[in-house]
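The values are calculated or read from the model by the stated rules, or taken from the named source; none is laboratory data. As the structure is a computational prediction, the values presented were derived from the model and not from experiment. Reconstructed Cβ throughout: ideal geometry from the backbone, glycine too, with neighbour counts over all protein chains shown. Remember, those area values only see protein heavy atoms, side chains included, never the ligands or the DNA or RNA. Shrake-Rupley method; radii C 1.70, N 1.55, O 1.52, S 1.80 Å.
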Amino acid sequence: MGPDGAPGPAVPWRKVLWERQPFPDNYVDQRFLEELRRNEGIRQYRYWTVVKEAGFVGEQLSCGQLSPERLLWSSLICALLGYGLHQALTSQVQSGCEPRTRLADLQSATIFLSFTFGFSPVLKTLTESVSTDTVYAMSAMMLLAHLVSFPYAQPSPPGSLSLNAALFASVCLASRLPGALHTFAMLSCALLVFALWPCLLQRLREKAPSHFTGVCVGVCFAGVGGLGSQWPGGAVLLALALGSVTLLCPLLLVRLQRHKDNIHGPWDEAEIQEDLSHFLH
C-alpha cells in the first residue's frame, strides 16, 4: 500500500537500499505495522516496592536535621555500633577483593578526627564576615543539592557532589556554633551521617532487606521527633514532606505508569549487534 492509499505495483517490494525498485522513496507495504512492538522492556512497578525504595530518600531527608548539642559521645557510640554491624554484614567478602583491616580503619578515623579537632577553631571563624542569613541560605541550598544529587540507587560510597554539598553545609552551620568543641562535634556527626551511614544502609538493603525498611522508618520518626522538640511547626512540615516522598510520589508513579505507551518498530535506528572490539586493536 503506497502513501496515498493506492495499490502498488505487482513487483514485490524489498526492504533494501542497494537495489533499484519501482516504488517511491516513502513507500511501505502492509507488513509495516506487523513489526510494531509496544512497551518493550518496560519495568513494571509495584506500589509497596516503590515505597520501600523511597524510604532511602526519606531517610536522607530526615538526616538533614542535626542538633549541635551532645553529639560527640552519641556519634562515637553510634559509629562503634554501626562499624560492628557493617563488619558483621560484610563477613562474606567477594573473591578477588581484599578487605580493609581494622587497623587501617582505625588509622583513617584517627587522622580525620585529629585534623578536624585541630582545624575546629579555624572553621569556627571561617564565616565571621558573612551574614547569618547568607550562611543559612547557603546551607539550605547545599543540603537541597545533597538531596538531589545523592546516588540513591547505589549510595555506597556516596557521590562526591552530594557528599561535598552536605559537608559544606555542615561547615557553614558549624561556624555559627558557640565554641570549637561544638564545631568539632557537629563536623564529626556530619561525616558519620552523610558519608558512613549510607554505606551501612546499602549493606543492610543488600543483606537484610526486612531490617532496612524498619531502620528507614525509625530514622524518619526520629527525625520528626527530634525536630518537634525544637520546632513543632518544622516537624509538621518534615512529616508532610516525608509522607509525600514515601507514599504520595510512589502512588503517582504507579498510577501514571499505566498511561505509558512506547512504540518500537522498523522505523527505529539500526543497532549494531556484532562485536566490533577487534577493529579497535
Starting from segment 1-22, take each residue that is among the aromatic types (F, W, Y) and list its partners that are open to solvent by less than 80 Å² (accessible area, probe 1.4 Å) and at pLDDT 70 or above, counting only C-beta distances under 6 angstrom and pairs at least six apart or across chains. W13/F23; W13/D29
Against the condition open to solvent by less than 40 Å² (accessible area, probe 1.4 Å) and either in contact with a Gly (Cβ under 8 Å, 6 or more places away or on another chain) or touching a residue at least 40 places away in the same chain (Cβ under 8 Å) (or both), how does L191 come out, does it pass? no
Within segment 247-263, track down each residue that is open to solvent by 80 Å² or more (accessible area, probe 1.4 Å) and farther than 18 Å from T213 by Cα. L252, R255, L256, R258, H259, K260, D261, I263
Spot the failing condition for L33; the list is (1) of a type outside the set (F, W, Y); (2) open to solvent by 100 Å² or more (accessible area, probe 1.4 Å); (3) modelled with pLDDT of 75 or more; (4) over 30 Å from L247 (Cα atoms), and only one is missed. (3)
Please specify each residue of segment 194-212 satisfying the condition of being surrounded by fewer than 18 Cβ atoms within 10 Å (Cβ to Cβ) and modelled with pLDDT of 85 or more. none
For A145, indicate whether it is surrounded by 14 or more Cβ atoms within 10 Å (Cβ to Cβ), out of contact with any strand residue (DSSP E or B) (no Cβ under 8 Å at 6 or more places or on another chain) and in the same structural domain as W197 (by the TED database). yes
Can you tell me which residue is modelled with the highest pLDDT among those in segment 264-281 that are open to solvent by less than 90 Å² (accessible area, probe 1.4 Å) and part of a loop (DSSP other than H, G, I, E, B)? G265
In the set L173, L126, which member is open to solvent by 70 Å² or more (accessible area, probe 1.4 Å), in contact (Cβ under 8 Å) with a residue 40 or more places away in the chain and either in contact with a helix residue (DSSP H, G or I) (Cβ under 6 Å, 6 or more places away or on another chain) or farther than 24 Å from I77 by Cα (or both)? L126
Which numbered condition in (1) open to solvent by 100 Å² or more (accessible area, probe 1.4 Å); (2) modelled with pLDDT of 75 or more is the only one that E19 fails? (1)
Let me confirm something: among F115, F119, which residue is within 26 Å of R176 (Cβ to Cβ), modelled with pLDDT of 85 or more and surrounded by 11 or more Cβ atoms within 10 Å (Cβ to Cβ)? F119
Helices (runs of 4 or more DSSP H) fully within segment 144-215 counting 3 or more residues that are within 16 Å of the chain's Cα centre (by Cα): 160-174, 197-207
